[in-house]
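To keep things clear, I will list the structure first and then write my remarks on it.
The values are calculated or read from the model by the stated rules, or taken from the named source; none is laboratory data. The structure presented is a predicted model; accordingly, all values stated were derived computationally and were not measured. Neighbour counts run over all protein chains shown; Cβ positions are idealised from the backbone, glycine included.
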There are 4 protein chains.
Amino acid sequence: MADAGLTSLRTAVAGVSGYAGGELARLLLRHPRLADTPPILVGRIGESETPPVPLTSLHPQLSGLPHADELNVAAFDWKQLQHKSVDVLFMATPHEQSRAWVPEALSHGIRVIDISGAWRLHDDENRKVYRLTDADPLLAEKLQTEAVYGLPELHGPAIAHARLVANPGCYATSILLALAPLVRANLVDLGCGIICDAKSGVSGAGKSLIPTSHFMYAADNFSAYAVFGHRQTGELLEQLSLTSEQIQFTPHLLPIPRGILSTIYVRLNKAIGAEDIQARFDDFYANAPLVRVRCSPQLPQIQHVVRTAFCDIGFQLSPDGRRLVVVSCIDNLLKGAASQAVQNMNLMAGWHEREGLL
Amino acid sequence: MADAGLTSLRTAVAGVSGYAGGELARLLLRHPRLADTPPILVGRIGESETPPVPLTSLHPQLSGLPHADELNVAAFDWKQLQHKSVDVLFMATPHEQSRAWVPEALSHGIRVIDISGAWRLHDDENRKVYRLTDADPLLAEKLQTEAVYGLPELHGPAIAHARLVANPGCYATSILLALAPLVRANLVDLGCGIICDAKSGVSGAGKSLIPTSHFMYAADNFSAYAVFGHRQTGELLEQLSLTSEQIQFTPHLLPIPRGILSTIYVRLNKAIGAEDIQARFDDFYANAPLVRVRCSPQLPQIQHVVRTAFCDIGFQLSPDGRRLVVVSCIDNLLKGAASQAVQNMNLMAGWHEREGLL
Amino acid sequence: MADAGLTSLRTAVAGVSGYAGGELARLLLRHPRLADTPPILVGRIGESETPPVPLTSLHPQLSGLPHADELNVAAFDWKQLQHKSVDVLFMATPHEQSRAWVPEALSHGIRVIDISGAWRLHDDENRKVYRLTDADPLLAEKLQTEAVYGLPELHGPAIAHARLVANPGCYATSILLALAPLVRANLVDLGCGIICDAKSGVSGAGKSLIPTSHFMYAADNFSAYAVFGHRQTGELLEQLSLTSEQIQFTPHLLPIPRGILSTIYVRLNKAIGAEDIQARFDDFYANAPLVRVRCSPQLPQIQHVVRTAFCDIGFQLSPDGRRLVVVSCIDNLLKGAASQAVQNMNLMAGWHEREGLL
Amino acid sequence: MADAGLTSLRTAVAGVSGYAGGELARLLLRHPRLADTPPILVGRIGESETPPVPLTSLHPQLSGLPHADELNVAAFDWKQLQHKSVDVLFMATPHEQSRAWVPEALSHGIRVIDISGAWRLHDDENRKVYRLTDADPLLAEKLQTEAVYGLPELHGPAIAHARLVANPGCYATSILLALAPLVRANLVDLGCGIICDAKSGVSGAGKSLIPTSHFMYAADNFSAYAVFGHRQTGELLEQLSLTSEQIQFTPHLLPIPRGILSTIYVRLNKAIGAEDIQARFDDFYANAPLVRVRCSPQLPQIQHVVRTAFCDIGFQLSPDGRRLVVVSCIDNLLKGAASQAVQNMNLMAGWHEREGLL
């Protein structure tokens, strides 16, 4: 286990009222390294002043956890964050807010782990879906270049030293962890395109009251959406160096609260044995404590990962050794958001990647 | 089957966009007596003018039913309703609208079946929860006196001749049908109070986007609400002639789309045999084609009534013959709203009560 | 509506205790042409003698339907079926039973609609998954050649005159209706393979008590299964004249009672416009009353088809006009089993295809 | 926090394959006091010899927890338990097994926490529902007298020194914690009877394949069962010193995996203020770290307690101050089984009651 690293950290969470924010609060309250330094909880940046709200009125299920019943969610205030010597700020805020306020946080010497999509994409074209506007475009571009895509299994060393970590999208996390070992080894026939048929629980759509999150819409139902235009597509293209013709990503809405399962269809460049594929995955994740590679033909399923920080990966190979079906599962609020953010924080502090996450 | 009655009817539905309105449209489109006279569908009364909307864009699942793909939902317009000689207007509208517009409908010679709570209560005190305001209080009071509570099993003959039928609440329907046979026969020890522990699916809360109808709130959850103050309590008091100390009604939210199950606890005035209770229920509903009395100790369950027009009732008696548990189930959108409205229409037209409802 | 055809039919259902059998009973009891000739209900063929069981004790939700409360499920008896002049026998029985008893039914002059997989496949190799054994292999082979695959939209005229109709699998129904218009028009680039990512509710696994149908396994979960070996794959290969390398079918288990959604990924031979694809689907199903083609980019979803006899189909095309995503939905117990069987019966009797199915 | 008590313990779990057993394994693996002494896992007592099975093949979601991937579930063997100096044996076994083998465990000097119903009831009459047979009735009676009912909030000191702890039933836990403060203070009018309308998720019925745990039975459904005869009724009678006429307990099956909510209706002996009721609950549980008393009129709901070791209690009082509705929630697998067992172990070891349970 990790013995090096900082003794502790002072953390802050902006946007604690949402699902990911609530999970983040829970993880930080239970983190052994942070037992004496509970996170500072603040509302969304720029929100009109409201009196502080008890954390447990927003998330009653947290009551009884250490510190939880004393913590309030206060209005956002840079002075307070500086005054309390915040080391790491988690931003569980809308991407417009994250884009606007990250420069200021960094200027105060605060490292940022941003859970929104604001800083994930380097290509202008891909980023258009977010319609970002920057007060200081030059600075924003500079910070964008500096930002590290916070998928620890792919970018661990860079994350450790990053000032700005862009926590990956939930769908992208599940798909990238399944594909990176194959694409990086040039095993994939890209001419036929990779098909990523992904399914997510309703929490992925957030807490806001929208028709597709109404119980009567989601329950007993299943539907595809954003077929050729989901925002996380850009993360797949950039992280795997693919063109949009080489990968098709289709999200679907599952009638469950939490969990993502991605079924990924890959044509291989040449026939290969299942044991070679297995070895490739096993080796790639030999030092990744939060990826569990299943032994083929076992496949992961959502209930094995829900409320855990793991990504489970399994696969099956066609009899002719040319077609591969990879299945990848995560909890969208944890490995797809909050626990991945804590995993990044652990790396940034020099702690063991999975500390506080089991 | 019924051969008497009118040949057909011209119906209209106001407020067809909600869940009850959609079910009403479905039932009317399939009603054998209305095969040549599809309902006129209109939006909420007083809504700002919008271009007509195809019915199937509001309720895609209705596509393919007779007439469904040609029908539009138009803006509300009294002239049009008169011009088309509408006989019966179903109002699946908020209670304020129903209260405001029923007098006008009646003045145009249109009979009304109102699905809201606007006209169900005769006692001023009970009605306060609705905060009704009347433009013409004297007329409103006169119409209120005339209004018939539309529970066909209790008020069939009055419904047949009514101009204004107040369709019962969904919880009240399930509870009244379970209790009326017992209370009317003076079997109940009212001193200890009747306990009605009722549970409803989420559609009971309607289509509007409210936090408690969000999938993440309702799914995998269960909760009590409105413990001493649900609006339908007044219906129980008036229809059973009870005081508020004599009956306790507690609604709960079930994580399912549709269905109500009420568990009702009754102390009896004297020890009695299960066969006598059974006979009481069987006799009471001998001519009620849409109540299915189960043979004790069999109990109804929600999946037996969902998507049917039936109310199922069953009971079990304590070994000492003094304590009775009655269980009553309905589909809240059907027997609790739309099919009960059609059942009332059938009676008003002189048709068989269950025509078009099996 | 259809005026030709037989006046009525005498039907029988073997295996009425399962989910598809129950739905079949419901549809036949409500069928307008069969109002005076309720189906004869019998248990599984060869079951040890048990006293007749009331239909409503097996399916309490059917109580109150015409005839339902008088009908019993009797032991299977060929003499009785002949004596009662049964015209059409629905077999909702395990495939071994269907394979064994169809020859006898036909020898008695009874036409058969078999809901099992016993008679769907013509190719020996594809059929191996069923491990069928035939008492009279020559006769079985002859009958197999005669058997018509009961997908009315593809084989309507042959079904009308068939003695033996093999009702399609539920997954196969949803996929074939989506693909047939494209494959038959040679629009598909088969070199890259068609990907069929299909998801089904739990009723597809039947009523037997198996670990994967336990509530605790299925609820809040989602999983892939039978990745390279589902039995219905053979139906896809034969009906579309494909090789197993040309199509990949992966079923998944949805945490809902009913419904199938198949997401189908197709590479096109050449760039084509969305309006041409739309026209192809519209034309292909112009005379198919139980297929609803959605207008692109609208996509079907499960709740629009559940408890209906429809198959809904929609699609979206990539910006480069080369990659097509087709989504197809059915209720697995209806269009995937019972209502499709009734649709076939309608054709065999010369009635309108959708009679009794709206 | 607790500093006294033993340094560590050697634990064993019999019957680890079920839901409660799996949760118990998870809690023990994560317990800070047991970090170096993982539990010994054994199958059901008396099971035919099978090769050891990896824990993670029974509970794949546990993979990655400390020790989890090395642990096997071995056949039951008293010698091994003695050899390994087991201090505390958790029995997550059927009640017949628990009844049969507890005497032997105690004779080996092993303390037992029994999760079954075998040792909870002292009254012969109440115990009849379990149909227990004892090889040595005198010894069994002696041990029964010695057995401590393992509800820590009521019997903490006795549990601390017990050799045999009978872990309470899940329903009984939720009801007793709600009623004990009221009944012990003689606030309840027992003449009218207490009504306990309780609702549980499906895991309460265990992992065995029974029709009522089939997804198709439980999903979208809700039903009452065992109305006048649930086995846990005896626990209520004995722990509250009531007669069967004084309390009515009706369990219902909720379509969710986990959680119990009990709605409890109490008539009070005299009118009383809500603040007095609140004070009574607050005082009673002032030192109970795993009971969260809500501030009236707030009520608990299932999603606030699921996957926690807490019991949440809230209440509302009628305007006349005579009728009380108390709502109590737990996770049936945790506070209703596994975490309560660990809470008992903590007391037996002299550790803080909630150690390892947050």
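Summary table
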{"read-out": "Residue within the stretch C:202-222 that is part of a helix (DSSP H, G or I), more than 23 Å from the chain's Cα centre (by Cα), surrounded by fewer than 24 Cβ atoms within 10 Å (Cβ to Cβ) and small (Gly, Ala, Ser) present", "value": "no"}
{"read-out": "Residues satisfying the stated conditions in the stretch A:66-103, i.e. small (Gly, Ala, Ser) and at pLDDT below 90", "value": "A:74, A:75"}
{"read-out": "Residue list for the stretch B:230-241, restricted to those being within 14 Å of chain D (Cβ to nearest Cβ) and part of a loop (DSSP other than H, G, I, E, B)", "value": "B:230"}
{"read-out": "Members of the stretch C:278-301 that are in contact (Cβ under 8 Å) with a residue 60 or more places away in the chain and among the hydrophobic types (A, V, I, L, M, F, W, C)", "value": "C:281, C:284, C:288, C:290, C:291"}
{"read-out": "Residues that are touching a residue at least 60 places away in the same chain (Cβ under 8 Å) and of a type in the set (S, T, N, Q), drawn from the stretch D:230-256", "value": "D:232, D:233, D:239"}
{"read-out": "The stretch B:223-249, residues that are under 18 Å from residue B:95 (Cα atoms) and touching a strand residue (DSSP E or B) at 6+ places or on another chain (Cβ under 9 Å)", "value": "B:230, B:232, B:233, B:235"}
{"read-out": "Hey, residue C:328 without any contact (Cβ under 8 Å) to a residue 12 or more places away in the chain and either among the aromatic types (Phe, Trp, Tyr) or touching a strand residue (DSSP E or B) at 6+ places or on another chain (Cβ under 9 Å) (or both) or not", "value": "no"}
{"read-out": "Sole residue being more than 9 Å from every other protein chain (Cβ to nearest Cβ) and at pLDDT 95 or above, chosen from D:265, D:285", "value": "D:285"}
{"read-out": "Number of positions in the stretch C:196-224 that are over 26 Å from residue A:224 (Cβ atoms) and touching a residue at least 60 places away in the same chain (Cβ under 8 Å)", "value": "2"}
{"read-out": "Which listed residue, of A:109, A:117, is outside any helix (DSSP H, G or I) and closer than 22 Å to residue A:207 by Cα", "value": "A:117"}
{"read-out": "Odd one out for residue D:227 among (1) among the hydrophobic types (A, V, I, L, M, F, W, C); (2) assigned to a loop (DSSP other than H, G, I, E, B); (3) in contact (Cβ under 8 Å) with a residue 40 or more places away in the chain; (4) within 12 Å of chain B (Cβ to nearest Cβ)", "value": "(3)"}
{"read-out": "Residue selected from the stretch D:123-166 under the condition in contact with a Leu (Cβ under 7 Å, 6 or more places away or on another chain) and in a loop (DSSP other than H, G, I, E, B), by the criterion nearest to residue D:89 (Cα to Cα)", "value": "D:163"}
{"read-out": "Residue that is surrounded by the fewest Cβ atoms within 10 Å (Cβ to Cβ) [pool: residues in the stretch B:134-160 that are without any contact (Cβ under 8 Å) to a residue 12 or more places away in the chain and of a type outside the set (D, E, K, R)]", "value": "B:138"}
{"read-out": "Qualifying positions in the stretch B:77-99 - more than 20 Å from the chain's Cα centre (by Cα) and farther than 21 Å from residue B:27 by Cα", "value": "B:77, B:78, B:79, B:80, B:82, B:83"}
{"read-out": "The stretch C:57-96, subset closer than 14 Å to residue C:166 by Cα and touching a strand residue (DSSP E or B) at 6+ places or on another chain (Cβ under 9 Å), residue nearest to the other protein chains (Cβ to nearest Cβ)", "value": "C:92"}
{"read-out": "In the stretch B:46-65, residue modelled with the highest pLDDT [restricted to those that are surrounded by fewer than 18 Cβ atoms within 10 Å (Cβ to Cβ) and in a loop (DSSP other than H, G, I, E, B)]", "value": "B:52"}
{"read-out": "Which numbered condition residue B:255 fails, given (1) more than 12 Å from chain D (Cβ to nearest Cβ); (2) more than 27 Å from residue D:245 (Cα to Cα)", "value": "(1)"}
{"read-out": "Subset of the stretch C:84-98 (residues that are crowded, with 22+ Cβ neighbours inside 10 Å and hydroxyl-bearing (Ser, Thr, Tyr))", "value": "C:93, C:98"}
{"read-out": "The listed residue being within 25 Å of residue A:313 (Cβ to Cβ), at the interface with chain A (Cβ under 10 Å from one of its Cβ atoms) and either at pLDDT below 95 or touching a strand residue (DSSP E or B) at 6+ places or on another chain (Cβ under 6 Å) (or both), out of C:189, C:220, C:197", "value": "C:197"}
{"read-out": "Residue count for the stretch D:296-328, restricted to those that are within 10 Å of chain B (Cβ to nearest Cβ) and in contact with a His (Cβ under 7 Å, 6 or more places away or on another chain)", "value": "0"}
{"read-out": "Qualifying positions in the stretch D:15-46 - within 12 Å of another protein chain (Cβ to nearest Cβ) and more than 14 Å from residue D:333 (Cα to Cα)", "value": "D:29, D:30, D:32, D:35"}
